[in-house]
């Protein structure tokens, strides 16, 4: 009897395995058909096997969702009216299903943002209000800020906040806080991409060719930086004059007593007033002092230095700038700080000290070409004062052009403008006929004053 029962279970087990094998074969065949059509961008033909596999075995393979997204995107693009709405809703449903069956490969932030962006892009046909769309983005940002990193969606998220503020549905405090949230998030993403790109640039500079995969990563990180470089001015433009001194000063005066020991609030208030040039108001000095007392840091020393400069206490200001730079430990922030200090010193005409900070900025973040352009501009501005002859004065422009070309080489966001600057400087340098007349082809010209550099005359 026992043997018969064992035999029965054996047949049942084999039968189930046979059914599963047949099911897997059918699913694999359907997946293969869908994939081949989708790869050929024949999404119309891919739609039927996609829907069959999705209904029959939704957790069979993640490719169902990867290609399914493209298939439904195609349907949305080519449809109108009620059909379009149905396909949009089905794509939203598809992302939820993907999250259900492949959670580890479906980050909440990334796919939540895609859903919000899809609804925003089709807000009219879906009858979505500004409030609904903002709440969608805000919920994703709150739940998974790390993976909320699409440049376009970050811009839209803030744009919606501006619309709510303009409609009287959000207070100024919320608007300014959200601006800071988004700007800080953009800076975080730029930092991540820059650090990864820097490693590849350093490898190339050391004379080691990049692998094919590294070359692809370099292009990707460059594209990321370009995307954020484009949206950053748009975010500032959206804020516009809403964050002017007339609005900021009363708000911070009202909230000062409540937040005077809150380092984050003080940092944001000081930074915003500084960026909006509200530094002449006594409140700015009050905020800077409170910030420095509450949380002394590289940031606070920088702002104190700014106050000292306003009082023409340049020696003390530079001492504070040096303290600020020494206190910063984060390489990316230290690079940004060095550039900011260099820019201030450049405006003050302290070119030698400014160049030192610009070079520090480049060491810390080689993929940022702006310090190169700043140095080039200082060289060009000093041509008349740093050369001892007409020829040598114009030779300074070779140094400027070379510095601008470095910016074009390392920074994907400046490639065009840096190349134009280099061409402009080169046009002001000695011509071939000038070199022939001076009879110094191939010789080294020493440039004096603060520049203290040499340039080789091109051979003609």
Practice prompt. Let me have the relative contact order for the range 39-155, percent, based on Cα pairs under 8 Å that are six or more residues apart.
Written response: 21
Practice prompt. Could you state the orientation-averaged shadow area of the convex hull built on the Cα atoms of the chain, in nm² to one decimal?
Written response: 34.4
Worksheet item: At residue 428 and residue 199, where each label point lies 7 Å from the Cα along Cα→Cβ, what is the point-to-point distance in nanometres?
Response: 4.0
Worksheet, complete the sentence: With a ≥ b ≥ c from the Cα gyration tensor eigenvalues, square-rooted, and the rule rounded for a/c under 1.5, otherwise prolate when a/b > b/c and oblate otherwise, the range 28-117 is oblate
Item to complete: Please give the calculated 222 nm ellipticity per residue for the chain, where each DSSP H segment of at least 4 residues contributes -39500 (n - 2.57) and the sum is spread over every residue; nearest 500 deg cm²/dmol?
Response: -25500 deg cm²/dmol
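Pull out the extension gain between residue 45 and residue 348, defined as 0.36 nm times the separation in residues minus the alpha carbon to alpha carbon distance; nm, one decimal. Provide the component values of the computation, followed by the final result.
Numbers: separation 303, 0.36 × 303 = 109.08 nm, distance 6.65 nm.
Gain in length upon complete extension: 102.4 nm.
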Worksheet item: Among rounded, prolate and oblate, which fits the range 77-186 when a ≥ b ≥ c are the square roots of the eigenvalues of its C-alpha gyration tensor, a/c under 1.5 means rounded, and a/b larger than b/c means prolate?
Response: oblate
Discussion item. To make sure I understand, if each residue's beta carbon is the centre and we count other beta carbons within 10 Å, what order do 390, 300 fall in, fewest to most?
Written reply: 390, 300
Worksheet item: Can you give the FRET efficiency for residue 363 and residue 125, using 1/(1 + (r/R0)^6), R0 = 56 Å, r = Cβ-Cβ distance, to the nearest 0.05?
Response: 0.60
Practice prompt. Just report the Cα centroid separation between the range 271-308 and the range 23-84, whole Å.
Written response: 57
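By counting other Cβ atoms within 10 Å of each Cβ, how are 95, 450 ranked from fewest to most? Walk me through the numbers before you get to the answer.
Values: 95 20, 450 17.
By the 10 Å Cβ count, ascending: 450, 95.
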Fill in: Rel. contact order, % - alpha carbon contacts under 8 angstrom, at least six apart, the chain
7
Fill in: Inter-centroid distance (Cα atoms) of the range 147-174 relative to the range 392-444, Å
44
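Please report the relative contact order for the range 189-276, taking Cα pairs under 8 Å with a sequence separation of at least 6, and give it as a percent rounded to a whole number. Show your work: numbers first, answer last.
Working: 28 pairs, mean separation 22.4, N = 88.
Across the range 189-276, relative contact order equals 25 percent.
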Worksheet item: Going by alpha carbons, how many degrees (0 to 90, nearest 10) lie between the helix axis of 282-294 and the longest principal axis of the chain?
Response: 70
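Hey, with R₀ at 25 Å, roughly what FRET efficiency would residue 108 and residue 333 work out to, going by the Cβ-Cβ distance, to 0.05?
Details: r = 28 Å, r/R0 = 1.12.
It comes out at approximately 0.35.
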Worksheet item: What is the gain in length, in nm to one decimal, between residue 281 and residue 214 on full extension, counting 0.36 nm per residue of separation less the C-alpha to C-alpha distance?
Response: 19.1 nm
Worksheet item: Can you tell me the Rg and the Dmax, both Å, for the Cα atoms in the range 367-460?
Response: 13.1, 40
Practice prompt. Report the FRET efficiency, 1/(1 + (r/R0)^6), for residue 260 and residue 152, where r is their Cβ-Cβ distance and R0 is 41 Å, rounded to 0.05.
Written response: 0.60
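Just want the ordering: 28, 34, 119, 378, from fewest to most Cβ atoms lying within 10 Å of their own Cβ. Walk me through the numbers on the way to the answer.
Numbers: 28 13, 34 27, 119 18, 378 23.
In order of increasing Cβ crowding within 10 Å: 28, 119, 378, 34.
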Item to complete: For residue 163 and residue 251, compute 0.36 nm times the residue count separating them, minus their Cα-Cα distance, and round to one decimal in nm.
Response: 29.7 nm
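The numbers here are math on the coordinates, done by the rules we state, and not lab data. Computed from a predicted model, the values in this text were never measured in an experiment. No Cβ is skipped: glycine too gets one built from the backbone with ideal geometry, and neighbour counts run over all protein chains shown.
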